[in-house]
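Student: Here it is: the structure, laid out below.
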Amino acid sequence: DKDISKLDFKGQRVLMRADFNVPLSGNIIADDTRIRATIPTIQLLLEKGAILILCSHLGRPDPGKQTWEEMKAKASLAPVAAALKEILGEAFVGLAEDCIGAAVAAQIETLKPGQVLLLENTRFHKGDTKNDDAFAEALAKSTGAQVFIMDAFGVSHRNQASVTGITKFVPRSYPGPLVRKEVLCLANSIDVPKRPFVVVLGGAKVVDKLHIISILIDKADKLIIGGKMAFTFLAAKGVPVGDTEIEESHRVEEALQMERKAAALHKELYLPIDQVVATELEPGAQTKIVWTMDFGSGKPIISNGFHGGDIGPASQQLFADALADAGTIFWNGPLGKFEVPEFSKGTYAMAKAMAAATKRGAITIIGGGDSVSAVKAAGCTHEDFTHISTGGGASLELIEGNKMPGLRALTLGIS
Ligand code: 3PG
């Protein structure tokens with residue numbers, strides 16, 4: 001049985017992969033949902049007498065280009081260690097200097113059952129993202145782990161050493177309770193969704209999400225696209241986007257194909273019809289609202305020198321109307337640069353529209369670190385949604401029906 005609540009870990013060294021990739025504003029944690037979500041697992045393992053070693057990545061440091069000091073300045077897990085200390089108190093002994101090596105091994109030797117140590121960012125070594133066996137083995141040897149627990153649902157779609165490769169070098173590997181809960185919740189709601197099934201996509205990781213859209217067009221009844229990604233689609237329609245940066249401009253052709261696919265399958269694809277624009281997307285910016293498409297209204301479209309920062313009020317209404325009859329709604333990625341108050345209204349309106357849908361009985365799921373901090377900033381709570389997932393890309397890939405390497409490694413013991 002893979003259920004760790006039925007197992008004993010007394011005096012055993014347990015290495016647990018968590019997803020502490022929290023949104024940071026400088027050194028301040030903007031949203032601690034991912035940390036809080038791991039606490040029940042940590043407490044369970046401590047009650048069971050484990051010697052607990054936590055590991056995680058944070059951000060996307062580049063050890064090929066950055067020095068150790070540069071990586072540490074931007075992506076150290078120190079803020080997470082401070083948060084863990086506050087929650088766990090005495091049981092938490094601190095943050096190790098690294099995640100592998102003799103010094104880490106020596107520090108782990110001193111740990112007693114019921115104590116927790118956090119290792120420094122696994123992505124400070126390029127072997128992590130490359131799923132390099134030598135790095136995975138070093139992680140297993142330095143920690144002396146007898147058991148590996150994968151409780152980082154947010155990275156279960158990644159084939160990386162601290163997620164999958166590690167299972168080859170630790171005698172026993174199990175999924176953690178958070179991973180089990182997430183998979184069950186998402187599978188139950190999305191496998192056979194209550195229809196109409198509406199997917200709302202936004203955010204900035206355009207490259208990661210474009211291919212997913214094609215599959216979502218098959219699965220969902222309606223697809224709402226906002227955030228940065230919308231501009232790739234607007235550009236594909238020949239709409240001028242002013243100075244709004246389009247990541248991956250060569251994907252415009254792909255976006256066009258997806259629009260055609262949606263039309264051929266009679267699926268509705270919603271794009272923003274107006275935008276809040278400014279010359280700079282910074283606090284205090286002078287904003288104005290413009291139509292993104294010229295409907296013969298004579299109103300201006302986004303002109304040169306302006307960037308789109310948020311969906312406008314007409315798009316808010318259009319999107320809310322599209323949700324009105326939804327049976328299931330899945331939302332990943334903010335619809336604008338919501339961290340800046342001037343560009344937060346569209347994302348907040350979506351949070352409120354989803355909360356209203358929950359009240360009338362729809363199944364509502366939020367996925368992703370940024371979306372979760374956005375719904376909280378909008379004044380919504382966990383009770384306003386059916387499920388708030390700790391995984392962004394991971395929840396999308398699960399819905400897409402992809403093989404999740406991080407889950408597969410646990411069942412087969414290989415990566
Ligand atoms: C996430 O934030 O979705 C996960 O922590 C994965 O991060 P990654 O996209 O950098 O692998």
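Student: Within region 14-34, is there a residue that is modelled with pLDDT of 95 or more and surrounded by fewer than 22 Cβ atoms within 10 Å (Cβ to Cβ)?
Tutor: Within region 14-34 (the criterion being modelled with pLDDT of 95 or more and surrounded by fewer than 22 Cβ atoms within 10 Å (Cβ to Cβ)), the answer is no, since none of the residues qualifies.
Student: Give all pairs with beta carbons closer than 6 Å in which a residue from region 380-405 that is over 14 Å from ILE215 (Cβ atoms) meets a residue that is away from the ligand (no atom under 16 Å from the Cβ) and in a strand (DSSP E or B); count only pairs at least 6 apart in sequence or on separate chains.
Tutor: From residues that are over 14 Å from ILE215 (Cβ atoms), the pairs are PHE385/THR364; THR386/ILE363; THR386/THR364.
Student: A follow-up question, please. Being surrounded by 12 or more Cβ atoms within 10 Å (Cβ to Cβ), part of a loop (DSSP other than H, G, I, E, B) and at pLDDT 90 or above is true for just one of PRO283, PRO272. Which residue is that?
Tutor: Numbers: PRO283 fails: surrounded by 12 or more Cβ atoms within 10 Å (Cβ to Cβ).
Going through PRO283, PRO272 in turn, just one is surrounded by 12 or more Cβ atoms within 10 Å (Cβ to Cβ), part of a loop (DSSP other than H, G, I, E, B) and at pLDDT 90 or above: PRO272.
Student: Something else about it: Does ALA145 fit the bill of being in contact (Cβ under 8 Å) with a residue 40 or more places away in the chain and either aliphatic (A, V, I, L, M) or away from the ligand (no atom under 15 Å from the Cβ) (or both)? Spell out the reasoning first.
Tutor: On the way: in contact (Cβ under 8 Å) with a residue 40 or more places away in the chain: yes; either aliphatic (A, V, I, L, M) or away from the ligand (no atom under 15 Å from the Cβ) (or both): yes.
Yes; evaluated as a whole, the condition is true for this residue.
Student: Hey, any hits in region 394-405 for a residue that's surrounded by fewer than 17 Cβ atoms within 10 Å (Cβ to Cβ) and away from the ligand (no atom under 16 Å from the Cβ)? Quick ask: steps written out before the conclusion?
Tutor: Taking region 394-405 first, the residues surrounded by fewer than 17 Cβ atoms within 10 Å (Cβ to Cβ) are 401-403.
With the extra rule that they be away from the ligand (no atom under 16 Å from the Cβ), the set shrinks to 401, 403.
Yes, that holds for at least one residue.
Student: If you don't mind, there's one more thing I want to ask. What residue, of MET229, MET258, is within 16 Å of the ligand (Cβ to nearest atom), surrounded by 15 or more Cβ atoms within 10 Å (Cβ to Cβ) and at pLDDT 85 or above?
Tutor: Details: MET258 fails: within 16 Å of the ligand (Cβ to nearest atom).
From the options MET229, MET258, the qualifying one is MET229.
Rundown of residues vs (1) part of a loop (DSSP other than H, G, I, E, B); (2) crowded, with 21+ Cβ neighbours inside 10 Å, yes/no style:
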position	(1), (2)
GLN107	no, no
LYS112	yes, no
LEU117	no, yes
GLU120	yes, yes
GLY127	no, yes
ASN131	yes, no
ALA136	no, yes
LEU139	no, yes
ALA145	yes, yes
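Student: With the requirement that a residue be within 15 Å of the ligand (Cβ to nearest atom), in a loop (DSSP other than H, G, I, E, B) and among the hydrophobic types (A, V, I, L, M, F, W, C), what does region 18-63 give you? Working first, answer last.
Tutor: At the first step, the residues of region 18-63 found to be within 15 Å of the ligand (Cβ to nearest atom) are 18-24, 29-35, 37-38, 54-63.
Now restrict to residues that are in a loop (DSSP other than H, G, I, E, B): 18-23, 30-32, 56-63.
Across region 18-63, the qualifying residues are ALA18, PHE20, VAL22, ALA30, LEU58.
Student: Show the residue pairs that are 6+ apart or on different chains and have beta-carbon atoms under 7 Å apart, the first residue being within region 178-194 and surrounded by fewer than 19 Cβ atoms within 10 Å (Cβ to Cβ), the second being modelled with pLDDT of 90 or more and of a type in the set (Gly, Ala, Ser).
Tutor: Listed pairs, sorted by first residue: LYS194/GLY327.
Student: For region 339-382: of the residues being modelled with pLDDT under 95 and among the acidic types (Asp, Glu), which is nearest to the chain's Cα centre (by Cα)?
Tutor: Only one residue fits best here, namely ASP370.
Student: Moving on to the next point. Mind checking which residues of region 64-82 are away from the ligand (no atom under 16 Å from the Cβ) and in a helix (DSSP H, G or I)?
Tutor: Listed by number, the residues that qualify are TRP68, GLU69, GLU70, LYS72, ALA73, ALA78, ALA81, ALA82.
Results for (1) among the basic types (Lys, Arg); (2) buried (at least 23 other Cβ atoms within 10 Å of the Cβ); (3) more than 27 Å from SER389 (Cα to Cα); (4) at pLDDT below 95, shown as yes or no for each residue.
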residue: ASP3; (1), (2), (3), (4): no, no, no, yes
residue: LEU46; (1), (2), (3), (4): no, no, no, no
residue: TRP68; (1), (2), (3), (4): no, no, yes, no
residue: ASP98; (1), (2), (3), (4): no, no, yes, no
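Student: What number goes with the only condition from (1) at pLDDT 90 or above; (2) among the hydroxyl-bearing types (Ser, Thr, Tyr); (3) away from the ligand (no atom under 15 Å from the Cβ); (4) over 21 Å from GLY308 (Cβ atoms) that THR390 does not pass?
Tutor: (3)
The values are calculated or read from the model by the stated rules, or taken from the named source; none is laboratory data. Only a predicted model underlies this, so the values are computations on that prediction, with no experimental measurement involved. Counting neighbours? That spans all protein chains shown, and the Cβs are built from the backbone with ideal geometry, glycine included.
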